Amino acid sequence: MTIPKGVQAFPRTEYLRRLSAVKAEMEGRDVDVLLVLDASNITYLSGYTTPSGYVPQALVIDGVAEEPTFILRRCDAPAAMYECFMEQDKIIGYPEALIGNLANDGYDAVIDFLNEAGLAKRGLGIEMSSLPAATSEKFKSRLPEARVVD
């Protein structure tokens, strides 16, 4: 699906500058991959403003990749493609079957992405204050080789 880009609040260079500052902080804390979960922080780093933070979503910042990957509910992915500065292949929508599913939710899609992308065995920063305790434990149990940092 090709979605045209909407008018961005800031130029691409500004989002890349913001990400560069985050990556410098990540390096100083020995974090290779950062999961940004707070909706305000996602907006600041990507330009995404649609209110979809009531379901699991994560902006995944790989310290060596130019652009982050945004993982969110599939029905919200077109809005992200329209609003975010990133290329469309950096926006991944997970299926509706993960909504309201206590055993397997959108954070499982994030964990699956980390495993598939080879990011699960590195220093992983997570905004733990944005997560329920059970979800924090899910990240730790499903990513046993990651060095999780709050």
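Restricting the range 35-98 to chymotrypsin sites (Phe, Trp or Tyr not before Pro) that sit in a DSSP loop and have at most 15 other Cβ atoms within 10 Å of their own Cβ leaves Tyr54.
Computed over the Cα atoms of the range 15-150, what is the convex hull's projected area averaged over all directions, in nm²? Can you show the working numbers first?
Values: hull surface 29.2 nm².
For the range 15-150, the mean projected area of the Cα convex hull comes to 7.3 nm².
List the residues of the range 11-47 whose backbone N lies under 12 Å from a point placed 7 Å from the Cα of Ser129 along the Cα-to-Cβ direction. Once the point is set 7 Å along Cα→Cβ of Ser129, 38, 41 turn out to lie under 12 Å by backbone N, inside the range 11-47.
GNM on the chain, C-alpha springs below 10 Å: top fluctuator among Val55, Val64, Val22? Largest GNM mean-square fluctuation: Val64.
At 222 nm, what value in deg cm²/dmol follows for the chain if DSSP H runs of at least 4 each add -39500 (n - 2.57) and the sum is divided by all its residues, to the nearest 500?
Details: 5 runs with 53 residues, N = 150.
One gets -10500 deg cm²/dmol as the mean residue ellipticity at 222 nm.
The modelled label-to-label distance for the pair Gln88/Ala103, using points 7 Å beyond Cα in the direction of Cβ, is 3.5 nm. Here the spin labels are modelled as points 7 Å beyond Cα on the Cα-Cβ line, and at Glu116 and Arg147 they lie 2.8 nm apart.
Coordinate-derived values only; no laboratory data. The shown structure was predicted, so the numbers you read here are calculated from the model rather than taken from an experiment. Cβ sites come from the backbone with ideal geometry, for glycine too, and all protein chains shown count toward neighbours.
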